[in-house]
Amino acid sequence: MDLDAVARGLPEVTVSEPFAPGLPVYKVAGKVFAIHQPGEQVTLKCDPGLALELRAQYAAVIPGYHTNKRLWNTVLLDGTVPHDELAELVRHAWEQAVRGLRKADRDRLLALLPRE
């Protein structure tokens, strides 16, 4: 699965490498929703309840690395989390970041999100 393509395919995503070259950070409206260490792991913003469920379901999902462990999960890219599930987690992370925006910005961005 091309995680970069999934993240960039979401509305108004920007990518930078503020921490280190080759460590892309994905943002929407200035809010971080994913930090990708290609080939190794991705750290994703997550609803706290879902974060706990995912950690119980998958050994490859652990509390967020260098982030608020209640609101972030790190997913080890070892192939044990199905690609469709991982793509949905990226989309969920984007939605979590958008939910923290002002209502006008939130409504505008959510309206741009393709429905599945």
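The values are calculated or read from the model by the stated rules, or taken from the named source; none is laboratory data. Everything numeric here is computed off the predicted structure, so don't read it as measured data. Neighbour counts are summed over all protein chains in view; Cβ atoms, including those assigned to glycine, are modelled from backbone coordinates with ideal geometry.
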Flag if Ala7 is closer than 22 Å to Arg106 by Cα, modelled with pLDDT of 95 or more and either among the basic types (Lys, Arg) or buried (at least 17 other Cβ atoms within 10 Å of the Cβ) (or both): yes
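Let me confirm something: among Val42, Val81, Val75, which residue is in a loop (DSSP other than H, G, I, E, B) and more than 23 Å from Asp107 (Cβ to Cβ)?
Numbers: Val42 fails: in a loop (DSSP other than H, G, I, E, B); Val75 fails: in a loop (DSSP other than H, G, I, E, B).
Testing whether each residue is in a loop (DSSP other than H, G, I, E, B) and more than 23 Å from Asp107 (Cβ to Cβ) leaves just Val81.
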Single residue of the stretch 94-116 satisfying the filter (part of a helix (DSSP H, G or I) and in contact (Cβ under 8 Å) with a residue 24 or more places away in the chain) that is nearest to Lys31 (Cα to Cα): Ala97
Among (1) of a type in the set (A, V, I, L, M, F, W, C); (2) under 21 Å from Thr14 (Cα atoms); (3) surrounded by 15 or more Cβ atoms within 10 Å (Cβ to Cβ) - the single one Ile62 does not satisfy: (2)
Long-range neighbours under 9 Å by Cβ, at least six apart or interchain, first residue free of Cβ contacts under 8 Å to residues at least 60 places away in the same chain within the stretch 27-48, second in a strand (DSSP E or B) and among the small types (Gly, Ala, Ser): Val42/Ala34; Thr43/Ala34; Leu44/Ala34; Lys45/Ala34
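Within the stretch 3-39, can you find the residues that are of a type in the set (Asp, Glu) and either farther than 19 Å from Thr74 by Cβ or part of a strand (DSSP E or B) (or both)?
Of the residues in the stretch 3-39, the ones of a type in the set (Asp, Glu) are 4, 12, 17.
Matches in the stretch 3-39: Glu12 only.
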